[in-house]
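*Asks:* Take this structure, written in structure tokens, and hold onto it; I'll ask about it next.
Each value in this text was obtained by applying a stated rule to the coordinates, not by laboratory testing. Only a predicted model underlies this, so the values are computations on that prediction, with no experimental measurement involved. Cβ atoms come from the backbone with ideal geometry, glycine included; neighbour counts cover every protein chain shown.
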């Protein structure tokens, strides 16, 4: 890690901690984002194949680009989303005890499935203007990568 990357990670961690996340939770959010980013890359496909979901069961399967065969693969996306939900719910449950709950309202997570960018954004109250959806302006939130 170079100096610029260390500074970027410190800035990201400070931004998350200013929202009421602990340092440990900020680290977990970063790891969740990295896991989701890799999952999205594999869904789009790499040289060795891609991840597909079975339409009937919803289980993740790996399609080999060499043989075309499907084989089961560990579903890391579901676990990451569950861990993310626990962290967000815990933060939102604790924040009403804050002396200024109107400033530190409930946050939400936005998962951006394009592997060319960050996978996780933390959306603060006021990040989404009236009449717009999170899909059109998610980048106003805190990018976790």
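*Asks:* Say R0 is 25 Å: what FRET efficiency, to the nearest 0.05, do residue 47 and residue 70 get from their beta-carbon distance?
*Replies:* 0.90
*Asks:* So, one more: Can you give me the distance in nm between label points at residue 34 and residue 8, each placed 7 Å from the Cα along the Cα-to-Cβ direction?
*Replies:* 1.3
*Asks:* Rg(Cα) of the range 13-63 divided by 2.2 N^0.38 Å?
*Replies:* After normalising by residue count via 2.2 N^0.38 Å, the value is 1.60.
*Asks:* Summing -39500 (n - 2.57) over the DSSP H runs of n ≥ 4 in the chain and dividing by its residue number, what mean residue ellipticity at 222 nm do you reach, to the nearest 500 deg cm²/dmol?
*Replies:* Roughly -14000 deg cm²/dmol at 222 nm, from the helical runs in the chain.
*Asks:* Could I have the simple spin-label model distance between residue 89 and residue 133, label points 7 Å from Cα toward Cβ, reported in nm to one decimal?
*Replies:* Between residue 89 and residue 133, the label points sit 2.5 nm apart.
*Asks:* Per residue, what volume in Å³ does the Cα convex hull of the chain take up?
*Replies:* Residue-normalised Cα hull volume stands at 143 Å³.
*Asks:* Something else now. Given a cut-off of under 8 Å on Cα pairs at least six residues apart, what relative contact order in percent is computed for the range 19-145?
*Replies:* Normalised by residue count, the contact order of the range 19-145 is 22 percent.
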